[in-house]
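Novice: Mind having a look at this structure? Questions to follow.
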Amino acid sequence: MAESQEKLVEVSLKDQGNQFFKSGNYLKAAALYTQAIKQDPSNPTLYSNRAAAFLHLVKLNKALTDAETTVSLKPDWEKGYFRKGCVLEAMERYDDALAAFQTALKYNPQSSEVSKKIKGLMQLSKDKKRAQEVENMRLNVDMAKHLDTMKFELSEKYGGEDCWKEIFSFLVETMETAVKSWHETSKVDPRVHFLLNKEKTDTEKYPPAVNIDKAFESPHTHSSCVSFLRQYAQDSFSQAACLVAPKSIISYPQVWKGQGSRKWKHGQHDGFFIQFESPLLRRLWFVPSSTEKGQILCRDPVGLDISVHEILPLLFKHAE
């Protein structure tokens with residue numbers, strides 16, 4: 001008779017705990033489950049329920065202990081592994097959580113609740129991996145790998161090793177600086193960078209970069225800017241120049257709006273142009289930009305036909 005009364009008390013405590021849990025009073029529910037456990041310390045359901053209450057109270061270590069006790073008391077019950085998986089997920093131990101949910105599914109293959117958890121964690125893992133890849137791409141900018149053709153062309157055109165290597169390094173550095181600026185601030189300053197002659201250039205009079213933020217407002221400002229830049233390139237004894245300009249400020253010339261052979265597929269993309277100028281070689285790229293995993297990311301530079309899409313006319317005499 002006494003044993004029967006004890007059982008009624010235990011059921012009553014558990015049921016009371018369940019009522020408080022359903023109403024959102026997790027602290028009271030946990031207290032009642034604790035009282036019930038004292039009377040029946042080998043009941044896995046009580047530990048499972050208390051683990052759920054502790055999880056809601058963000059007492060994660062206690063919740064995990066109860067979930068593991070549930071598993072040890074009833075190793076073939078999917079609920080214990082499910083509870084453990086939920087706690088591990090809250091702890092951001094995603095790989096361990098996935099393993100727990102997969103074990104739960106083994107004991108109850110029909111559980112849509114467990115399957116949903118597994119699917120969510122696998123997607124989370126995929127998203128985290130991609131976010132890390134995006135971050136690595138943002139931090140490890142390497143423009144040289146996109147310019148093998150350019151390197152070959154420069155070496156062919158210039159012949160003299162030191163000369164073309166300096167020009168190539170100038171181009172790579174200018175492009176990488178622009179990409180890093182875009183990643184950090186979502187913008188680049190519209191400028192023409194010049195590779196000055198170390199022996200001839202008066203660097204006090206001719207700095208290595210010229211701001212051209214007004215150059216693309218109209219055909220008139222564009223023409224005036226080009227005339228200035230040509231004279232600057234000549235007077236400063238520059239060996240090469242590199243334009244960097246965000247697409248967003250270019251009212252003229254909007255080279256991406258052409259049709260037919262003049263049209264190009266990145267017309268709707270945000271990003272910036274890079275135009276390389278030297279006496280023997282001219283090239284043009286567009287660097288598209290997108291937002292991925294909450295981060296601004298520059299895509300690979302797209303080579304454009306400079307004879308069709310040039311942002312500035314040639315700046316040096318005898319250009320091809």
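Novice: Return a yes/no flag: does region 148-156 have any residue that is surrounded by fewer than 11 Cβ atoms within 10 Å (Cβ to Cβ) and not assigned by TED's automatic domain parsing to the domain that holds L280.
Specialist: The answer is no, given that none of the residues of region 148-156 is surrounded by fewer than 11 Cβ atoms within 10 Å (Cβ to Cβ) and not assigned by TED's automatic domain parsing to the domain that holds L280.
Novice: Another one. Can you pull out the residues in region 88-119 that are surrounded by 21 or more Cβ atoms within 10 Å (Cβ to Cβ), among the aliphatic types (A, V, I, L, M) and more than 28 Å from the chain's Cα centre (by Cα)?
Specialist: Those that are surrounded by 21 or more Cβ atoms within 10 Å (Cβ to Cβ), among the aliphatic types (A, V, I, L, M) and more than 28 Å from the chain's Cα centre (by Cα): A100, A104, V114.
Novice: Check off (1) touching a residue at least 40 places away in the same chain (Cβ under 8 Å); (2) surrounded by fewer than 16 Cβ atoms within 10 Å (Cβ to Cβ); (3) outside the structural domain of H183 (by TED's automatic domain parsing) for H318 and give me the number that stays unchecked.
Specialist: (1)
Novice: So, restricting to strands (runs of 3 or more DSSP E) that lie completely within region 223-320, which ones have at least 1 residues that are modelled with pLDDT under 95 and over 22 Å from E166 (Cα atoms)?
Specialist: 270-277, 282-292, 295-298, 302-304
Novice: Among the residues that make up region 275-292, is at least one of them more than 22 Å from the chain's Cα centre (by Cα), exposed (fewer than 14 other Cβ atoms within 10 Å of the Cβ) and of a type outside the set (A, V, I, L, M, F, W, C)?
Specialist: There is no residue in region 275-292 that is more than 22 Å from the chain's Cα centre (by Cα), exposed (fewer than 14 other Cβ atoms within 10 Å of the Cβ) and of a type outside the set (A, V, I, L, M, F, W, C).
Novice: Another question, if that's okay. Which of the residues that make up region 72-87 are under 10 Å from P44 (Cβ atoms) and surrounded by fewer than 21 Cβ atoms within 10 Å (Cβ to Cβ)?
Specialist: Correct list: S72, L73, K74, P75, W77.
Novice: In this structure, does R191 turn out to be more than 23 Å from L312 (Cα to Cα), of a type outside the set (F, W, Y) and surrounded by fewer than 20 Cβ atoms within 10 Å (Cβ to Cβ)?
Specialist: Criteria not met by R191.
Novice: Here is a follow-up. Quick one: which helices (runs of 4 or more DSSP H) lie wholly within region 44-146 and hold at least 3 residues that are touching a helix residue (DSSP H, G or I) at 6+ places or on another chain (Cβ under 7 Å), free of Cβ contacts under 8 Å to residues at least 24 places away in the same chain and more than 30 Å from S289 (Cβ to Cβ)?
Specialist: 60-73, 94-107
Novice: Exactly one condition in (1) in contact with a helix residue (DSSP H, G or I) (Cβ under 6 Å, 6 or more places away or on another chain); (2) more than 27 Å from L297 (Cα to Cα) is not met by K214; state its number.
Specialist: Unmet for K214, out of (1) in contact with a helix residue (DSSP H, G or I) (Cβ under 6 Å, 6 or more places away or on another chain); (2) more than 27 Å from L297 (Cα to Cα): (2).
Novice: Return a yes/no flag: does region 20-35 have any residue that is part of a helix (DSSP H, G or I), hydroxyl-bearing (S, T, Y) and either within 11 Å of R83 (Cα to Cα) or not assigned by TED's automatic domain parsing to the domain that holds T103 (or both).
Specialist: no
Novice: Further question: Identify all residues within region 196-240 that are polar (S, T, N, Q), surrounded by 13 or more Cβ atoms within 10 Å (Cβ to Cβ) and under 17 Å from L314 (Cα atoms); write none if there are none.
Specialist: Passing the criteria: T221, S223, S224, S236, S238, Q239.
Novice: Show the residue pairs that are 6+ apart or on different chains and have beta-carbon atoms under 6 Å apart, the first residue being within region 200-220 and more than 11 Å from D189 (Cα to Cα), the second being surrounded by fewer than 17 Cβ atoms within 10 Å (Cβ to Cβ) and of a type in the set (G, A, S).
Specialist: Taking only residues 6 or more apart or on different chains, the pairs are F216/S251; E217/S251.
The values are calculated or read from the model by the stated rules, or taken from the named source; none is laboratory data. Just so we're clear, the structure is a prediction, and the values are computed from it rather than from any experiment. Cβ: placed from backbone, ideal geometry, glycine included. Neighbour counts: every protein chain shown.
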